[in-house]
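Asker: Below is a structure I'd like to ask you about.
Just so you know, all these numbers are worked out from the coordinates, no wet-lab data involved. These numbers come from a predicted model, not from an experiment. Every residue, glycine as well, gets a Cβ built from its backbone with ideal geometry; the counts of neighbours run over all protein chains shown.
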């Protein structure tokens, strides 16, 4: 590009990315590149798939089953009707209750009879209408209402409320609440999700001496370094914890040899970076803040640290920097800057001193730095630094090594020539620059090392531990490099020292395959025989016996996902309790999620905060967005959004668990509720010459799923709690109930259907036999059936309610009362056939005896089975309930107090 | 010292309002945090066993009482639809019943097994008669019964809707097929008085059947289904019709015919002189005459008593089984050793 006749080269460092703000300049002249479909956002966009909860998917298969059942009932009815018509075909003309013969028009013709074939068809269609309640359409509406209620409680929960950012939990998708209770895999982004994306300078090792600020200083000992310039006070924006001893040393001057080292060290920190200082006004006109801005948060932290120790970077232009060293302004010429790149893993800067000497400052990752450090000098210092780095990284700190080299004039000229040539060349500039940098970055003298803490979000290690206890596999997908990822892994307790680690990091296909297969073999050996069979229950077991971790990087992933190695990778990953994927591109994140989604039926959850997590969030069964610093894209794409990673624990363990239990029960109950009603209608049809007369009048049929039984199931679906919050949080294992699909599965469905059959038989046949050969009319017995089925299904629900609040009481008993009222109202309308039937029937003892007998006999088997299951085959939830009850009985009075305290302490 | 230290927060933060957060007390807060006071019953063996025992102790006596009530009812049932057809018509009963020239009179002799206290209810019972057939149930117009010709929409009554362009009152299949056997009772030489008033529901007589609706054109068609009605008596007083039009729920049903308001002694012989008019022969229906006393439970029906006894004894049986199981292999209440995660670590 030519500006003012000068040729300028444009490279990756000139790119202004989308969303950037212009600072330190008024305008930029630019060329738009990678626009339209080539933008990062578009390339990483995998399209928002429509999500559907697993429970609902399973439910649909059960509904198909019910449809077959419905068709079967209709077939039976219509075939029987046809057979009956055939048997009586000679009598139909004059049968008093059929009277086919129509003579009213003067000639003999058939009245509404078209042969048994057509009659059969009519009966079939009519029976579809009569029995259609079998397909619980109302269930979909109730489910929506229940989900809205659940979402309300999730939003209102004070545990999910982030005080720091004043942000509530957001429920952006309303149809997958219950999936939160079945998560088996959690895919997490690192930066901004696990960590706060705030770097903090923690320790320094200078010339073989360890100065750890964390050990010696406490929070309130943060020293603020300030500087007075022309009557104004300059302060760095961020406070840094400092080591008192080191501070004293820096203040005492740099005359001696050690002081010189410390001087060089901090000068390196202040100079060897790409930070731009920015002076901001504050409300106090005499105080100004210096804000360090740069692309790397690590560099920011280091610069702030240097400032705290008195090396304050004040000004940076393209040619020079100004650093204030303990009140003394010094100007250095920046002659060359070798930017950080991932191959060299270091950066360097060449400073020209005022006395015309030149110094090269290098900082970089330990592995790359030790290769360029002159090992012949100061071996003991190098060793001491190495041990310090080891100890820093074992506590999860990010380490950098600082080095320095004096350049003499000839070396400098040589470098300068090469640098100029390289930086203006048009072809292969990056490679040339790298070459120049590597040439000069050698023979470096070690100065020391820094340790920066990538601050974890509050409660992250505890949360991860809980998640793992619950049998959830945590995968961390990060764009960071492997070392960083591993250090974060340690500090967040994702990785522990007892784990077997498999690291896969290779640059070609073959070695990648080999390493994967080796790891797989190892893991198979590691997993002794019992684990493979009972994989589903054994996950917590495997964590206990042989924890394994897989660490894999992006390039290897590319090879693996391209190849047929997917299967192997998945098998390996499945055995590992922790998987760390480093250096992955956003779209690869989605690829990993879909890999897991494809191979298992387990539910996946993705959590992230940035735009680069969007595709992963959309791909996973449940996407959670953290409303953090990195913009709103993740939140916009997510199903649920919250303020902190640690909220994941209450979200899954409490709300996910409850939602799943509630909805699972609700679906089964609604199947039962409608099926029992339809079956009663069906049994009656068998006694009406298969003609679809309904004893229960049509008003009651209609109101059945609207007034008589709808409210309690919704209320219970929203309010019932199987266990208290505390129990659920204290025992993460209880989450396994959802993973094992204990609240809704095929077995439960068929058990419920068997129960339905029995209950419908009792409800129908007890009155049938009790009133057989009596004067009872259709309306009276219909009222008995109506009342008994309504009370029955409500009692059935009442039997399964775990937690009775006044709302539950009101809805269940209110529904029963409402039914009585409705039936009465229907029976006082003279133009309806059942006029006064309820008063006549309810006046007899037989009616009430029947009602009582029906209720007891119908619920008896369920009660027995329920008790046997609870007592002899208790599930975790049942046991925990008993524990809860026991504890409650022990401290009847202290209970509410402790419960409240518990809530007020959400960090737990 | 900052108040957020570990020990101090466990004492009183519960009541302290934190700015920016919702107030942490009050019913609404309890509600939104799903902490409403609640009762959480848990089934314990003791409770379950005693529930079953209690149920047994309730249901067995109730069953016994109902059975006793059922046994106290004296019931005489006599099927007459075959016996009342003369021998020569036995092979073609339909022809007999359709032939108006043949006398339909018939006499039945009923022996009273035990003494029967007044009132003794007289029912006729029809078997295999689908009064609940959909076609049949629909074939009536309730408003016409109340308003007579004042209500014209009688389409649901087809094919017995109108005769000579006027709606039939009462129209429809149900009315058309009105039962028309009649009974006269005598004990020895004296005739037993049968009270045929007040056999229909009072509510039906007062509000469902019109006091000014007269069956002026009833049963005028070529096909006669059953009884004819006296056109001078309003529908509200046609109690046989009202009883008949309370359509029975089940294919075997009884309808009240009248009451004998005298006691009958054991071994009395009741002579029933009946007119066997109603045609059930074409569809194999049975006709029976029933004399029955009543108890607090209604008529004779052993089912409920037996069912109660069954439920009661079943409950006791279950409670005994549970008791034995509980004593033999009790599971400690609320013992986490039985939780799945603990079980696994024990076994492995």
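Asker: Going by alpha carbons, how many degrees (0 to 90, nearest 10) lie between the helix axis of A:746-770 and the longest principal axis of chain A?
Answerer: That works out to roughly 20 degrees.
Asker: Considering segment A:545-643, what Rg and Dmax in Å follow from its alpha-carbon atoms?
Answerer: Taking only Cα atoms of segment A:545-643, I get Rg and Dmax of 13.9, 41 Å.
Asker: Per 5 Å bin, what is the whole-percent P(r) computed from every C-alpha pair distance within segment B:184-343?
Answerer: 1, 6, 9, 12, 12, 12, 10, 6, 5, 4, 4, 4, 4, 4, 3, 3, 1, 0
Asker: Just subtract the alpha-carbon distance of residue A:13 and residue A:64 from 0.36 nm times their residue separation and send over the number in nm, one decimal.
Answerer: On the way: separation 51, 0.36 × 51 = 18.36 nm, distance 5.92 nm.
Full extension from residue A:13 to residue A:64 adds 12.4 nm.
Asker: Kirkwood Rh, Cα Rg: Rg to Rh for segment A:75-142?
Answerer: Numbers: Rg = 16.3 Å, Rh = 13.9 Å.
Value, to two decimals: 1.17.
Asker: Next question, about the same structure. List the relative contact order of segment A:787-858 as a percent without decimals, with contacts defined as Cα pairs under 8 Å and 6+ residues apart. Mind dumping the intermediate values first?
Answerer: Numbers: 31 pairs, mean separation 24.0, N = 72.
Computed over segment A:787-858, the figure is 33 percent.
Asker: Now a separate question. Per-residue ellipticity at 222 nm for the protein assembly as shown, helices alone: DSSP H runs ≥ 4 residues times -39500 (n - 2.57), over residue total, nearest 500 deg cm²/dmol?
Answerer: Working: 44 runs with 542 residues, N = 1256.
One gets -13500 deg cm²/dmol as the mean residue ellipticity at 222 nm.
Asker: Enumerate the whole-percent occupancy of each 10 Å bin, from 0 to the last occupied one, for all C-alpha pair distances of segment A:600-646.
Answerer: Result returned by the calculation: 36, 52, 11, 1.
Asker: Another question, then. Using only Cα atoms, tell me the angle between helix A:379-394 and the longest principal axis of chain A; keep it within 0 to 90° and round to the nearest 10.
Answerer: Helix A:379-394 sits at roughly 20 degrees to that axis.
Asker: In the protein assembly as shown, what % of DSSP beta bridges are antiparallel (nearest 5)? Show your work: numbers first, answer last.
Answerer: On the way: 108 of 144 bridges.
For the protein assembly as shown, the DSSP antiparallel bridge percentage is about 75.
Asker: For A:52, A:344, what ranking results if the residue with the fewest other Cβ atoms within 10 Å of its Cβ goes first? Display every interim value, and only then the final one.
Answerer: On the way: A:52 13, A:344 21.
Sorted ascending by nearby Cβ count, the order is A:52, A:344.
Asker: While we're looking at this one, here's another question. In what order do A:323, A:552 fall by count of nearby beta-carbon atoms within 10 Å, going from fewest to most? Show your work: numbers first, answer last.
Answerer: On the way: A:323 24, A:552 28.
Taking fewest neighbouring Cβ atoms as first place, the list is A:323, A:552.
Asker: Going by how many other Cβ atoms sit within 10 Å of their own, how do A:669, A:708, A:559 line up, fewest first?
Answerer: If I rank by nearby Cβ atoms, fewest first, I get A:559, A:669, A:708.
Asker: Also, quick follow-up: Seen from all sides and averaged, what is the projected area of the convex hull of the Cα atoms in segment A:676-743, in nm²? It would help to have the intermediate numbers written out before the result.
Answerer: Details: hull surface 27.5 nm².
Projected over every direction and averaged, the Cα hull of segment A:676-743 covers 6.9 nm².
Asker: Taking every pair of distinct Cα atoms and averaging 1/r, then inverting, what Kirkwood hydrodynamic radius in Å comes out for segment B:281-348?
Answerer: Numbers: mean 1/r = 0.0550 Å⁻¹.
Every distinct Cα pair counted, the radius reaches 18.2 Å.
Asker: Which whole-number value in Å³ per residue fits the convex hull of the alpha carbons of segment B:138-177?
Answerer: On the way: hull volume 2.2 nm³, N = 40.
Considering the Cα atoms of segment B:138-177, their hull volume per residue is 55 Å³.
Asker: Sticking with this structure for a sec: Can you tell me the relative contact order of chain B? Whole percent, Cα pairs under 8 Å, sequence separation 6 or more.
Answerer: 32
Asker: Additional query: By how many degrees, between 0 and 90 and to the nearest 10, does the Cα long axis of helix A:460-469 differ from the longest principal axis of chain A?
Answerer: Computed tilt is about 40 degrees.
Asker: Convex hull over the Cα atoms of segment B:81-232, averaged projected area in nm²?
Answerer: On the way: hull surface 49.2 nm².
Answer in nm², one decimal: 12.3.
Asker: If you scale each eigenvalue of the Cα gyration tensor by 5 and take the root, what three semi-axes come out for segment A:99-197, rounded to whole angstrom and sorted largest first? Walk me through the intermediate numbers first.
Answerer: On the way: eigenvalues 815, 47, 14 Å².
One finds semi-axes of 64, 15, 8 Å for segment A:99-197.
Asker: On a full-extension model of 0.36 nm per residue, what is the gain between residue B:65 and residue B:342, subtracting their alpha-carbon distance, rounded to one decimal in nm? Intermediate values should be presented prior to the final figure.
Answerer: Working: separation 277, 0.36 × 277 = 99.72 nm, distance 5.23 nm.
Extending this stretch completely gives an extra 94.5 nm.
Asker: Rounded to two decimals, what is the ratio between the C-alpha radius of gyration of segment A:746-834 and 2.2 N^0.38 Å? Let's see the in-between values first.
Answerer: On the way: Rg = 15.9 Å, N = 89, 2.2 N^0.38 = 12.1 Å.
Scaled against compact globular proteins, the figure is 1.31.
Asker: Note down the Stokes-Einstein diffusion coefficient of segment B:243-328 in µm²/s, whole number, using a Kirkwood radius over alpha carbon pairs, 10 °C, and 1.306 mPa s.
Answerer: On the way: Rh = 18.2 Å.
Translational diffusion coefficient: 87 µm²/s.
Asker: In whole percent, what relative contact order does chain A give with Cα contacts below 8 Å and a gap of six or more residues? Walk me through the numbers before you get to the answer.
Answerer: Values: 1440 pairs, mean separation 126.3, N = 908.
Computed over chain A, the figure is 14 percent.
Asker: Please report the projected area of segment A:313-452's Cα convex hull averaged over all directions, in nm².
Answerer: Numbers: hull surface 38.5 nm².
The orientation-averaged projected area of the Cα hull of segment A:313-452 comes to 9.6 nm².
Asker: Assuming 0.692 mPa s and 37 °C, estimate D for chain B with Stokes-Einstein, Rh taken as the Kirkwood radius over Cα pairs, in µm²/s.
Answerer: On the way: Rh = 26.7 Å.
In µm²/s, the coefficient is 123.
Asker: Distance between Cα centroids, segment A:743-819 to segment B:217-236: provide it in whole Å.
Answerer: Their Cα centres are 44 Å away from one another.
Asker: Still on this structure: What list of whole percents do you get for P(r) of chain A, with Cα-Cα distances grouped in 20 Å bins up to the one holding the largest distance?
Answerer: 12, 33, 27, 16, 9, 3, 0
Asker: OK, next. Based on alpha-carbon atoms only, what is the radius of gyration of segment A:370-528 relative to the globular estimate 2.2 N^0.38 Å?
Answerer: Details: Rg = 21.4 Å, N = 159, 2.2 N^0.38 = 15.1 Å.
It is 1.42.
Asker: At 0.36 nm per residue, and after removing the present C-alpha to C-alpha distance, how many nm does the segment from residue A:406 to residue A:375 gain when stretched out fully? Please list the in-between numbers first.
Answerer: Details: separation 31, 0.36 × 31 = 11.16 nm, distance 1.60 nm.
Contour length minus Cα-Cα distance gives 9.6 nm.
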